[in-house]
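S.K.: Right, I'll just put the structure down here and ask away after.
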Amino acid sequence: MVLRDTDGRIEVRPRDFPTNRGGLCQKGWTAAELLDHPDRLTTPLVRDPAGELRPASWDVALDRIADGLRTVQRAHGRDAVAVFGGGGLTNEKAYALGKFARVALRTRHIDYNGRWCMSSAAAAGLRAFGIDRGLPFPLTDLGRTGTLLLVGANPAETMPPLMRHLTDQRARGGRLIVVDPRLTATARQADLHLQPLPGTDLAVANALLHIALTEGLIDREYVAARTEGFDAVRRTVAGYWPAEVERLSGVPVADLEETARALGTADSAVILTARGAEQHAKGVDTVSAYVNLALALGLPGRPHSGYGCLTGQGNGQGGREHGQKADQLPGYRKIDDPVARAHVAGVWGIDPAELPGPGVPAYQLLDSLGTPDGPRALLVFGSNPVVSAPRAARVESRLRDLDLLVVADFLRSETAELADVVLPVAQWAEEDGTMTNLEGRVLRRRALREPPPGVRTDLAVLAGLADRLADTPGAPVPAATSDGPAPTTPTTARTVVPAPRTAPDHFPAPRTAPDRFPTDPRTVFAELRRASAGGVADYAGVTWDRIESTDGVFWPCPDPDGPDSPRLFADTFPTPSGRARFHAVQHRPAAEEVCADYPLHFTTGRVLAQYQSGAQTRRVAALHRAAPHGFVELHPDLAARLGIGEGDEVRVASRRGELRAPARLSPTIRPDTVFAPFHWPGAARANSVTNDALDPVSGMPEFKICAVRVERA
Ligand SMILES: Nc1nc2c(c(=O)[nH]1)N[C@H]1C(S)=C(S)[C@@H](COP(=O)(O)OP(=O)(O)OC[C@H]3O[C@@H](n4cnc5c(=O)[nH]c(N)nc54)[C@H](O)[C@@H]3O)O[C@H]1N2
Ligand SMILES: Nc1nc2c(c(=O)[nH]1)N[C@H]1C(S)=C(S)[C@@H](COP(=O)(O)OP(=O)(O)OC[C@H]3O[C@@H](n4cnc5c(=O)[nH]c(N)nc54)[C@H](O)[C@@H]3O)O[C@H]1N2
Ligand SMILES: [Mo]
């Protein structure tokens, strides 16, 4: 988008760009409203002894944080401090945050909200292709593909600019098939809508492959030349008889056959998954089942064909590459790989032995806060877990158990309301940087104005803290341990004990020279390029100038003078053998099945006019008018059975908690399933109900299915 400053005000205008073709959704158009919003934070807030958040100077706020962190680490070890990031942060900020955790805090505990978002697709992509780039081809390829299968994606509401490519595709004679338990705005445009029971996508995929095999639609040459592991998959899917999968999922055999044929006989085909398929305790295996199907049909690397996942947040791709993930170093390197450690430690000017090891995924991290073995201080940058975390009431109580909670935000989010210190930070229009979009294309974000007085950038906040943490000499704190904190007296009260700044005896020797944390994003990006060089997500050849002189640069791009990589996999896959890998996967039931007490399936998602935890969009007048409150979508037959009418207040209860919101009757949802969007806090909070069961590989929570009881409130 292009942003014009007319009379000192920022306006958002679309720009004709291949990805969005000049389109922008309402949330984009209205984003400028938050820049000068009355709720905008312009001064740090520090909780006073009476428990109120009160304005304070930056020095007071940063000193309080540094003292609190020191106190906690001195008493409980380095891992007693944790960091939580976000996929909305620029590449520079995501990188700096990971470095801050490992170098300034020397904690292993950092993870981020992308764990709720991209982790299942990422893990499945990595194990099949050796790389996790959401779309391994430009988005415009979608407009030219013969058959497009969308599994658990509702781009008409979640990525409106993408819909133009789908319109193009059908105008050229292509077919669109949508798999969703609801007849969404996206599914309405499809040639065929499969409406499975939530949590049965894996079985559906295996049945599609079963049919493709029996009907001779497999690309045998491709499978032989470019893949490995097909035999085990063939044996597995042999057991997925379409009639049995119909009974399990509710998708008619005829529709399964039509889908398999549409994919297997088209000249080109694309299979895309999004959160509907991925946010399950078997999300990784579900994605693998669709990747298997794509590989068996010979799609990845072929023109206008392949598998991809639709990445969610503004920087959902770049945010997952540069080290805010618990097990990751910049460039998509593994933190337990000695070669990766040596390289990154070299760039950071530290001994590789000083780098902590892997931490734990987001939910495990939040669920351990304030417990005897868990971190006692948390810094949050770019997330609002009080609303967005699964089983949110439990997470909220863990946050309350902390000795120190710090939130950097530009608004008083529900999570900021619990903080001991809130730091007011700059917004998108006030900061330079880069973002990597869902195609793996690195783009520039340009600052259009200065942040308001009193506001600092996230990079400046990290630098200010690193500075303070470095400037106290002394002996090292107890080293990171994986089996709990250093022995000490447990602190149970929620107190921030300001340690004297001179407490010299226990704190680590200075390791964070101030210039280790530059505040200029261009300098940070230059360092990121070096840190990522040679990694999977290699940005070494990406420069800000190069991005500006093109429509963005696709990674991997190792050489400033060499080509970038809009399309991957044409000849080879970045696996050790150069072949893509099949994974045989079996359907299994949801972590929580329906029963007499909780007889209905509950699933969650999004609406067009609200974004994520709603911290931003609930404050924009036009968006609030369009979607003023939460709701529970249910089928009229179910509603009649429960004595619920349109607009009645209903209670949705699971084993973990309940939500209350008005009923919205819709004949387009399965009668055995109810749906609620997750954008609202308080009584309507969908995550009071959701299940915190996790995928064993990715740590993805089961946001998309649990068992509930529904009644009139
Ligand atoms: N308006 C708006 N746009 C957004 C966002 C937002 O909050 N608001 N968030 C952004 C982010 S971070 C993300 S990750 C993306 C998410 O983009 P999407 O994945 O498109 O969004 P969701 O609504 O979470 O889920 C998509 C669909 O999955 C369906 N679904 C639920 N359970 C199942 C299931 O078991 N199987 C299948 N096949 N489908 C199921 C839901 O009915 C829903 O229509 O959107 C991005 N864009
Ligand atoms: N039930 C259910 N729950 C879900 C999902 C679901 O489908 N169902 N989806 C999950 C998914 S995919 C996602 S991505 C998460 C998202 O949920 P969250 O992680 O809560 O994401 P946001 O609401 O975008 O929160 C971002 C916060 O950071 C602030 N912020 C924005 N930009 C910046 C910045 O540059 N710096 C700083 N310091 N702060 C910033 C915003 O004001 C806001 O308060 O929710 C997950 N939760
Ligand atoms: Mo997301």
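All of the numbers you see were taken from the coordinates with simple rules; none came from a lab. Computed from a prediction, not measured in an experiment: that's the story for all the values here. Every residue, glycine as well, gets a Cβ built from its backbone with ideal geometry; the counts of neighbours run over all protein chains shown.
S.K.: Set the Förster distance to 45 Å, then compute FRET efficiency between Ala171 and Glu711 from the Cβ-Cβ distance, nearest 0.05.
M.R.: Rounded to the nearest 0.05, the efficiency is 0.45.
S.K.: Using the Cα centre as the reference, give the magnitude of the dipole from point charges on the C-beta atoms of the chain (Lys, Arg: +1; Asp, Glu: -1; all else neutral), rounded to the nearest 20 debye.
M.R.: Rounded to the nearest 20 debye, it is 220 debye.
S.K.: Using 7 Å Cα-to-Cβ label points, what is the Asp373/Asp559 separation (nm, one decimal)?
M.R.: 4.9 nm
S.K.: Less than 13 Å Cβ to Cβ from Asp561, Lys/Arg counted +1 and Asp/Glu -1: what total charge do the surrounding residues give?
M.R.: Combined, the nearby Lys, Arg, Asp and Glu give -2.
S.K.: Suppose each label sits 7 Å from its Cα in the direction of the beta carbon; what would the Asp267-Thr523 distance come out to in nanometres?
M.R.: 5.4 nm
S.K.: Could you check the simple spin-label distance between Glu649 and Thr140, using points 7 Å along Cα→Cβ, in nm with one decimal?
M.R.: 5.4 nm
S.K.: For the range 119-310, what does the relative contact order come out to in percent, with C-alpha contacts under 8 Å and a separation of six or more?
M.R.: Reported as a whole number, the value is 31 percent.
S.K.: Let me spell out the model: positive unit charges on the Cβ of Lys and Arg, negative unit charges on the Cβ of Asp and Glu, origin at the Cα centre of the range 42-89. What dipole size does that give, in debye rounded to 20?
M.R.: 140 debye
S.K.: Report the gain in length on full extension from Asp48 to Ala683: 0.36 nm times residue separation, minus Cα-Cα distance, nm rounded to one decimal.
M.R.: Length difference between fully extended and current span is 225.8 nm.
S.K.: What is the packing order of peptides 598-604, 559-565, 360-366, taking the mean over residues of other C-beta atoms within 10 Å and listing the highest first?
M.R.: So the order, starting with the most tightly packed, is 360-366, 598-604, 559-565.
S.K.: Give the angle, between 0 and 90 degrees and rounded to the nearest 10, that separates the Cα long axis of helix 338-348 from the longest principal axis of the Cα atoms of the chain.
M.R.: The helix 338-348 is inclined about 50 degrees to the chain.
S.K.: May I ask for the net charge around Ser688, where only other residues with Cβ less than 13 Å from the Cβ of Ser688 are counted and Lys, Arg are +1 while Asp, Glu are -1?
M.R.: Summing Lys/Arg as +1 and Asp/Glu as -1 gives +3.
S.K.: Let me ask something else about it. From Cα pairs below 8 angstrom and at least 6 apart in sequence, can you work out the relative contact order of the chain, rounded to a whole percent?
M.R.: Worked out over the chain, it gives 20 percent.
S.K.: Please work out whether the range 119-310 counts as rounded, prolate or oblate from its C-alpha gyration tensor, where a ≥ b ≥ c are the square roots of the eigenvalues and a/c under 1.5 means rounded, while otherwise a/b larger than b/c means prolate and anything else oblate?
M.R.: Since a/c stays below 1.5, the shape of the range 119-310 is classed as rounded.
S.K.: Work out the FRET efficiency for Arg588 and Asp551 from their Cβ-Cβ distance, taking R0 = 41 Å, and round it to the nearest 0.05.
M.R.: 0.45
S.K.: Counting only DSSP beta bridges with both residues in the chain, what percent are antiparallel, rounded to the nearest 5?
M.R.: That works out to approximately 45 percent antiparallel.
S.K.: Moving to a separate point now. Compute, for the range 573-702, the length of the dipole vector about the Cα centre, with Cβ point charges of +1 (Lys, Arg) and -1 (Asp, Glu) only. Units Debye, rounded to 20.
M.R.: 540 debye
S.K.: Quick check on the range 593-675: take the gyration tensor over C-alpha atoms, sort the square-rooted eigenvalues as a ≥ b ≥ c, and tell me if it's rounded (a/c under 1.5), prolate or oblate.
M.R.: Prolate is the answer for the range 593-675, as a/c is 1.5 or above and a/b outweighs b/c.
S.K.: For the range 600-712, what does the relative contact order come out to in percent, with C-alpha contacts under 8 Å and a separation of six or more?
M.R.: Relative CO of the range 600-712 lands at 37 percent.
S.K.: Of Leu638, Val620, Thr668, which is farthest towards the positive pole of the range 600-712's charge dipole, taken about the Cα centre with +1 and -1 on the beta-carbons of Lys, Arg and Asp, Glu respectively?
M.R.: Of the candidates, Val620 comes out farthest on the positive side.
S.K.: If each residue of separation counts as 0.36 nm, what is the full-extension length gain between Arg235 and Asp571 once their alpha-carbon separation is subtracted?
M.R.: Result: 118.2 nm gained on full extension.
S.K.: Can you compute the FRET efficiency between Arg641 and Ala224 using 1/(1 + (r/R0)^6), with r the Cβ-Cβ distance and R0 = 56 Å? Round to the nearest 0.05.
M.R.: Using R0 = 56 Å, I get an efficiency of 0.55.
S.K.: Using only the alpha-carbon atoms, how far is helix 458-470 inclined from the longest principal axis of the chain? Give it as 0 to 90 degrees, nearest 10.
M.R.: 40 degrees
S.K.: If you don't mind, there's one more thing I want to ask. Taking just the alpha carbons, could you work out the radius of gyration and Dmax for the chain, both in angstroms?
M.R.: 24.8, 76
S.K.: Just to confirm a number: summing +1 for Lys and Arg and -1 for Asp and Glu over residues other than Ala340 whose beta-carbon lies under 10 angstrom from that of Ala340, what do you get?
M.R.: Around Ala340, the surrounding residues sum to +1.
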